[in-house]
Amino acid sequence: MRHSVDRILVVGLGLIGGSLAKALRERRYCRTLVGYDRNTDELEAGLALGVIDEAATDLAEAVHAADIVVLAVPVKATDAVLAEIRPALRPETLLTDVGSTKGNVVEAARAVFGQLPPTFVPGHPIAGSEKSGVAAADAQLFERHKVILTLTETSSAQATLAIARMWQATGAEVLQMELSRHDEVLAATSHLPHLLAFSLVDTLAAEAENTDIFRYAAGGFRDFTRIAASDPTMWHDICLANREAILGQIDRFSEGVARLRQAVATSDSQTMLGIFTRAKASRDHFTRILSSSAYSQKQHPGPVNFVLQPGGALSGQLRLPGDMSISHRAIMLGSLADGITEIEGFAESEDSLATLQAFRDMGVVIEGPHQGAVKIYGVGLEGLQPPPGPLYLGDSGTTMRLLAGVLAGQPFDTELTGGAGLSRRSMAAVIEPLQNMGAGIEAQDAGRPPLRIRGGQRLRGIEHRLPAASAQVKSALLLAGLRAEGATRVLEPAATRDHTERMLRGFGWPVEVVSGCSTVHSGGRLSGAKIAVPGDISAAAAFIVAASIAPGSDIRLEHVGINPTRRGVIDILLLMGADIELCNEDLVGAEPVADIQVRYRPLQGIELPSQLLTTALDECPLLMVAAACAVGESRFHGLGERGARVQERLAVTASALRALGVDAVLEGDGARVRGGRIGGGSLDCGGDARVAVALAVAALRAENEIHIGGCDAVAASFPDFIALARRAGIRIRKEEA
Ligand code: NAP
């Protein structure tokens, strides 16, 4: 086997040096892994444990022979070790380190080398444990953890690449960061928590009778103080090395504790709940988005595939998750309202939780969600606070577009960022009209996130004719209109979801809607309200189509929103001959709801009326599946104006249906699908949750097993899909890679 490197020397064979050596040796990354330590017991143990191939006794000789030298000594020892090895370093030998603080390591290198060599690439693995010494070496320690390289002004690209490759070989993810940023970030995320743990244990242990406290210590104490068992000398050194940044973090923390103390002293429940709910939400958020960067071993969510057995029929009763569009708006308006808003049936999806978290980050106290219940202590139209940093919105385009409208008229600056998917989507359709209202918004190329929204801009109402129908753009403008001078009018070329208009009225803000034009005037107030979020019709659609195509099906979907701007899927299926009955129709808040009874009945292919299709855009993949199970041909037209996402969806669904043997093609500004036999096989849903769900439904009429790859996004938009689908009778299982 060809090794990537000939000789790697690790100086300081303790926990980190030993773990790196062991990981590289197990993966045969270099021909010879040499260890050096001033402590010969550690070296002998390293040899005995198979951590290294050779133990060096002469440091200079070992350095001279090495291709890469890794310093894994305590940071305080860096200058002495560098001075000792400098004469023996060949110009081409790469030099790196693992120190937890970087400013002092680079300073030490400058003192020793004068001009820093291009072969020097400082590094820091964000992984560790409270143990020390080579006996604790763990070859998996760096797997799925981050390693930060803090390049100097002279670090060469070649050296950086070689050091990055070495770390990647251990399973780590390699990042680069400015040196000063590194020391600041680590002071907050690692150094401060360690000091708090040391200090808490020390404080409690100071009183003799407190031995009892340790005896009865509950999980909280144990979890919080585990890191107080870390190496005292190392932490002493880190405190000296990163003094300024650590002091800054201790001061910020002390202010926070003082605020909490004051709230406890005065029984100020709102402040206490505010701190606890924000902290809990941030912690949950952190676990989800940053799990692999913590000093802990967490699993990365891997790719998810669906596997479906052919056939089956639907039966029973289902209650679907709350409507996502309504949930987003309930959080936004509840936060901006005066008084308390209580929500029932909130959709606990990644997207709506991103909205909830954003408002918590802007100082709104929000309790829950707990089994769909959320309580919001509204701060009023002027009450939002500047968030502590950029608002991270996951992959929720709805949150980003609507929030742009809410934030355009705020007195403070904000930055909206998102995950990889959202960062690719253009926000231009919302940015341009908001700019016309006077908003200061900057985006990346082609209107892509992050968006930087300047505070303190005076907005003025405009009349905006939407070039393409979009409920998100319309809503963003209406929300900006709440704080704009005069009237804001939005004219839409085709009807889109009107949840914003209905909910604004529910919160006491008048909205005029006359022949496709929605108007708000500024100067009103929103008053806290009680909101019962109906079941999501987009989620219900999967089961409506499923029961319509699977012989023998008879299912009841309870309390589903049937807003006229959303129920296109029902009306289209009725035209195709489906057996759908709306029962117990009611008006909850401003939204119409009903129980939907669906029984199997053969469908007929039709020309889908385009005005109905525009109210079922998200359901197009499901309707294409319905068409594939119908007798004859169905045509989907009038979708040319509905944006790239709709076209992409049609294309991916058509191609997946073809892979199942169905005659489905893109045609004109839409698609054509001819009903027929559905085969089986492996399909790709293009990472689109709605396509994944539609293909899963198609399996009810398939002849063979269906595998759908790339279904990760379903968890975000329809978290309970698998459980509900199985309960209803769809033979689905999840396969995680
Ligand atoms: P460790 O287990 O105590 O190992 C350090 C080793 O270096 C010990 O064997 C020590 O020997 C040896 N050493 C000290 N001075 C030396 C010198 N002048 N020449 C040669 N060897 C010397 O410590 P560690 O946890 O691996 O930490 C090593 C480095 O990793 C530190 O810079 C630390 O900041 C960084 N780091 C640690 C963690 C963590 O969680 N532990 C995480 C990331 C980065 P003695 O026992 O004789 O002192």
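Every number in this text was worked out from the coordinates using simple rules, so none of it is lab data. Since this is a predicted model, take the numbers as computed values, not measurements. So basically every Cβ, Gly included, is an ideal-geometry build from the backbone, and we count neighbours across all protein chains shown.
Our estimate of slack between T57 and L247, defined as 0.36 nm per intervening residue step minus the Cα-Cα distance, is 64.4 nm.
Of the beta bridges in the chain, as assigned by DSSP with both residues counted there, near 55 percent are antiparallel.
Overall shape of segment 7-177 was characterised from the C-alpha gyration tensor. The equivalent ellipsoid obtained from it has semi-axes of 22, 18, 15 Å, in decreasing order.
Taking 21 Å as the straight-line reach from the Cα of K131, the lysines in range (excluding those fewer than 8 positions away in the same chain) are K22, K76, K146, K298. When you count the other C-beta atoms within 10 angstrom of each residue and take the mean per peptide, 620-627, 75-82, 232-239 line up highest first as 620-627, 75-82, 232-239. Residues in segment 493-510 carry Karplus couplings, in order, of x, 8, 4, 10, 3, 10, 5, 5, 4, 5, 6, 4, 4, x, 8, x, 10, x Hz; the curve used is 6.51 cos²θ - 1.76 cosθ + 1.60 with θ = phi - 60°, and Gly or Pro positions show x. Proximity of backbone amide H atoms, modeled 1.01 Å from N, is registered between D663 and R674 at under 5 Å, excluding neighbours fewer than 5 places apart on the same chain. Peptides 29-40, 448-459 ranked from most to least packed give 29-40, 448-459, packing being the mean of other C-beta atoms within 10 angstrom over each peptide's residues. What the pair-distance distribution of the chain shows, using all Cα-Cα distances binned every 10 Å from zero, is 3, 13, 19, 19, 18, 15, 10, 3, 0 percent. As I understand it, the value is the acute angle between the Cα axis of helix 15-26 and the longest principal axis of the Cα atoms of the chain; what does it come to in degrees, rounded to 10? Helix 15-26 sits roughly 70 degrees off the main axis of the chain.
Scalar couplings 3J(HN,Hα) for segment 150-161, obtained by applying the Karplus form with A = 6.51, B = -1.76, C = 1.60 to θ = phi - 60°, are 10, 4, 8, 5, 10, 4, 7, 4, 5, 5, 4, 4 Hz; x denotes Gly and Pro. Residue-wise HN-Hα couplings along segment 512-522, as the Karplus relation 6.51 cos²θ - 1.76 cosθ + 1.60 with θ = phi - 60° gives them from phi, are 8, 10, 10, 5, x, 10, 9, 10, 10, 10, 7 Hz; Gly and Pro carry x. Quick check: pseudo-label points 7 Å beyond the Cα along Cα→Cβ at V257 and S315, how many nm apart are they? Result for the modelled spin labels: 6.2 nm. Take the Cα of A80, step 7 Å toward its Cβ, do the same at D202, and the gap between the two points is 2.3 nm. Using R0 = 22 Å, the C-beta based FRET efficiency linking Q270 and K530 works out to 0.65.
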